[in-house]
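Student: Before I ask anything, let me first share the structure, which is written out below as structure tokens.
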Amino acid sequence: MTTPFSGNEQELSDPLGELPLDFTGFFLEEHTKWLIYAKSRLGNRQDAEDAVQDAGATLYAKWHTALRCPDLLAVRAFAWKVVRDRVIDLLRTRSRRAKVERFARQEVEVTSEEELNRLVEREALTWAMGELTKVRPIHAEVVRLRQLRMDYAQIGAVLDIAPSTAKTYYSLGWHHLQYLLDPQRDQQEGHLT
């Protein structure tokens, strides 16, 4: 007597086969991306590490729920949502004054015009991302996730949007950043008024 799974028939594929079933393996695999994301949102490595550790503890408590997801993409999306929620919580609880004090304590030694230009560009990009986050937070979020080399399907799963919508939001967000960073924008706007 043969069973449906005996003989030369194809083996069924396990949709979570690529996933390390132990939480530690999964956490170590994803940790760096989460940390980069958290740092880009929080602007401080220590805050980012705290957020990722807190998110890891929350995810560990919910690991049995994550393993019930239908595939690896869904498990990763579940984990990203936990990380994003923790980062958002920290953003809400950090006061504006603490952020200003943190930046005031930083000393930057500029020894060349090239370093000064890089510093100005970095500050300008930080400002532009902040402005984009104010007017189109979902576009800013897609841009941040694409910077981590996430594909549109994964971004869509994390943000609960279609991959094509993620692609559109990335394009719109990127064009808005380019507009904000255009050095001639102020001159052009001055001529229009």
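Student: Quote the relative contact order of the stretch 20-103 in percent (integer), defining contacts as alpha-carbon pairs under 8 Å separated by 6+ residues. Let's see the in-between values first.
Tutor: Numbers: 49 pairs, mean separation 25.9, N = 84.
Relative contact order comes out at 31 percent.
Student: Give me the percent relative contact order of the stretch 113-183, please, defined on Cα pairs under 8 angstrom at least 6 residues apart. Don't jump to the answer; show the numbers that get you there.
Tutor: Values: 51 pairs, mean separation 23.6, N = 71.
It comes to 33 percent, rounded to a whole number.
Student: May I pose another question? Kirkwood hydrodynamic radius (Cα pairs, Å) of the stretch 113-183?
Tutor: Working: mean 1/r = 0.0792 Å⁻¹.
For the stretch 113-183, the Kirkwood estimate is 12.6 Å.
Student: So which lysines pass the test for residue 134, namely a Cα distance under 30 Å, with those fewer than 8 places away in the same chain ruled out?
Tutor: Result set, ordered by chain and number: 33, 39, 81, 99, 167.
Student: List the residues of the stretch 38-67 whose backbone N lies under 15 Å from a point placed 7 Å from the Cα of residue 24 along the Cα-to-Cβ direction.
Tutor: Correct set: 60.
Each reported figure results from applying straightforward, stated rules to the coordinates on display, with no laboratory input. Everything numeric in this text was worked out from a predicted model, so none of it was measured. Reconstructed Cβ throughout: ideal geometry from the backbone, glycine too, with neighbour counts over all protein chains shown.
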